[in-house]
1. If the requirement is being open to solvent by less than 10 Å² (accessible area, probe 1.4 Å), touching a residue at least 40 places away in the same chain (Cβ under 8 Å) and of a type outside the set (D, E, K, R), which of these qualifies: A:PRO183, A:PRO205?
2. Hey, A:PRO85 hits all of (1) buried (at least 24 other Cβ atoms within 10 Å of the Cβ); (2) closer than 28 Å to A:GLU250 by Cα but one; which does it fall short on?
3. Here are some conditions: (1) touching a Lys or Arg at 6+ places or on another chain (Cβ under 8 Å); (2) surrounded by fewer than 13 Cβ atoms within 10 Å (Cβ to Cβ); (3) not hydroxyl-bearing (Ser, Thr, Tyr). B:GLU219 meets all but one. Which one does it not meet?
4. Please pick out the residue among A:VAL62, A:VAL43, A:VAL3, A:VAL78 that is crowded, with 19+ Cβ neighbours inside 10 Å, in contact with a Lys or Arg (Cβ under 6 Å, 6 or more places away or on another chain) and either of a type in the set (Lys, Arg) or in contact (Cβ under 8 Å) with a residue 60 or more places away in the chain (or both).
5. I need the full set of residues from the stretch B:221-248 which are in a helix (DSSP H, G or I), in contact (Cβ under 8 Å) with a residue 24 or more places away in the chain and within 7 Å of chain A (Cβ to nearest Cβ), in order please.
6. Only residues that are under 30 Å from B:VAL236 (Cα atoms) and among the charged types (D, E, K, R): list them for the stretch B:41-85, please.
7. Kindly provide the set of residues from the stretch A:12-40 that are charged (D, E, K, R) and surrounded by fewer than 12 Cβ atoms within 10 Å (Cβ to Cβ), ordered by number.
8. Looking at this structure, is B:ARG198 within 14 Å of chain A (Cβ to nearest Cβ), within 14 Å of the chain's Cα centre (by Cα) and farther than 20 Å from A:ALA243 by Cα?
There are 2 protein chains.
Amino acid sequence: MNVVLVDPAELAPDGTVTLTDARAEHVRTVLGATAGARGRVGVIDGPLGTACVERVDGRAVVLRCDELAPAPPPRPRVDLLLAVPRPKVLKRLWAPLAQLGVGRILLTSAARVEKYYFDSHAVTPELWRTRLLEGLAQARDTRVPIVTVHRSLERLVANDLDRLSGDAHRLLADVELAGTERPLTVRDACRELRTDSRVLLAVGPEGGWRDDERALLGERGFTAVTLGPRALRTDVACIALLALAHEALEATAATRRAVAATKP
Amino acid sequence: MNVVLVDPAELAPDGTVTLTDARAEHVRTVLGATAGARGRVGVIDGPLGTACVERVDGRAVVLRCDELAPAPPPRPRVDLLLAVPRPKVLKRLWAPLAQLGVGRILLTSAARVEKYYFDSHAVTPELWRTRLLEGLAQARDTRVPIVTVHRSLERLVANDLDRLSGDAHRLLADVELAGTERPLTVRDACRELRTDSRVLLAVGPEGGWRDDERALLGERGFTAVTLGPRALRTDVACIALLALAHEALEATAATRRAVAATKP
């Protein structure tokens, strides 16, 4: 926990918040129980800043959030369209996704996704919100990824995708790669983006997208990208792809800044 | 399991191997139990290829490895110097490391590594070999990363590092980043490498390297690289860094090939 996240509803009008759960324990053991100590806080979906320990009442800790930034951090510029992986894999994936930074997560079905995955505990708002907040607290971010669940890829693509992630550049990564077509790397696929562009990464199920699904996504503007010849498990592929997409977007922004600086 | 890995000692002189464990189960359920079916095999630290199901005797499956490549796949060009993370995190990390491809893993102590981590099951050859083989079978590779354990960072750096990973370009990534010095990205740090260069990534403990450790590694030729402003947990940082290093090496090779192609 690199930042103590508080819900806006927990924040009293005077800027104090009373913690009694694991966060109180964290403040007492990491920041020390003494009044006057300072530490990082963040308001969920709001600004980051620092707070002062006002008092400790037994197990409860009262923080005064007196130095908050004027605005929340920007929403991460990468979205993820993810064919639901096995529940065990998905449970472990929520926190890493929030650590790396993702604006929106569209969980979808696919031909090779088992239907019962959707009924698992891993696909419940209670579980994913807890795990996403853990990831944000690690990464010092406050912006909770927006998660939506889609039981039909066809309906998602036809009815919802433009509304949910219409402005993003669409990249399609198969976990199982064909290898013959020499698709682009993430970096190459992001080279022409603007500095404020968003990217939507589609990651297929174990066993890969079916050809008709690949064609459907291709028709909707997805460009195939490769992670190289190694077949990665969904969770490893997601982490690798998010890291590559963020680096590619940052490199694009750096190049544009450098070009702009040379202009008279 | 995308490839059935067999130990050279299991291979009979006539090229057959008799499987009775989870691999036999995999062959029966995934490839089908019928004689004549073909599937991918790999000899551990040897060549990849395909094999034919010769016969099924109850639970045992006899494969004939009759189409193997003339040489093993190349050893991955990225090595990892890793301050031992919590046992729970390390246990989960072995397979992803092998999936992404790593030539050598140097596990080291550091000021912020708890000493008892070295006594955990996660730091035993039995556990890491099993998990690394799982990762290789997923990624269709045969080259088992070479793991060494070093209980002193000072001695590792002074006595062993040049011998174990002397030819690699050395990059230092803190999980907790200072943020003030604007270190290079992995891609930038790899821009000047040769096409056959190796990279050694040093990943610090939770809480980061101490300043004296950072200085020590700096003296031994490590260049600081950044993953951006987000503080990642060790496992997520390792996966992200390996993906970035492999992409950077591949991009360097592609650039050199393109330059070479323009020369008369």
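The values are calculated or read from the model by the stated rules, or taken from the named source; none is laboratory data. These numbers were taken from a predicted model, which means no experiment stands behind them. Methodologically, a virtual Cβ is constructed for each residue, glycine included, from the backbone with ideal geometry; neighbour enumeration extends over all protein chains shown. Ligands, DNA and RNA are excluded from the accessible area calculation, which covers all protein heavy atoms including side chains. Shrake-Rupley method; radii C 1.70, N 1.55, O 1.52, S 1.80 Å.
1. Working: A:PRO183 fails: open to solvent by less than 10 Å² (accessible area, probe 1.4 Å).
None of the other options fit; the residue is A:PRO205.
2. Only one criterion is unmet by A:PRO85, namely (2).
3. Status for B:GLU219: all satisfied but (1).
4. Working: A:VAL62 fails: either of a type in the set (Lys, Arg) or in contact (Cβ under 8 Å) with a residue 60 or more places away in the chain (or both); A:VAL43 fails: in contact with a Lys or Arg (Cβ under 6 Å, 6 or more places away or on another chain); A:VAL78 fails: in contact with a Lys or Arg (Cβ under 6 Å, 6 or more places away or on another chain).
After ruling out the rest, the residue left standing is A:VAL3.
5. Let us first name the residues in the stretch B:221-248 that are in a helix (DSSP H, G or I), namely B:234-248.
Then drop every residue that is not in contact (Cβ under 8 Å) with a residue 24 or more places away in the chain, which leaves B:234-235, B:237-239, B:241-248.
Matches in the stretch B:221-248: B:ILE239, B:ALA243, B:LEU244, B:HIS246, B:GLU247.
6. Across the stretch B:41-85, the qualifying residues are B:ASP45, B:ARG75, B:ARG77, B:ASP79.
7. Looking only at the stretch A:12-40, we keep the residues that are charged (D, E, K, R), and these are A:14, A:21, A:23, A:25, A:28, A:38, A:40.
A:ASP14, A:ASP21 - these are the residues of the stretch A:12-40 that are charged (D, E, K, R) and surrounded by fewer than 12 Cβ atoms within 10 Å (Cβ to Cβ).
8. Numbers: within 14 Å of chain A (Cβ to nearest Cβ): no; within 14 Å of the chain's Cα centre (by Cα): yes; farther than 20 Å from A:ALA243 by Cα: yes.
Here the answer is no, as B:ARG198 does not meet what is asked.
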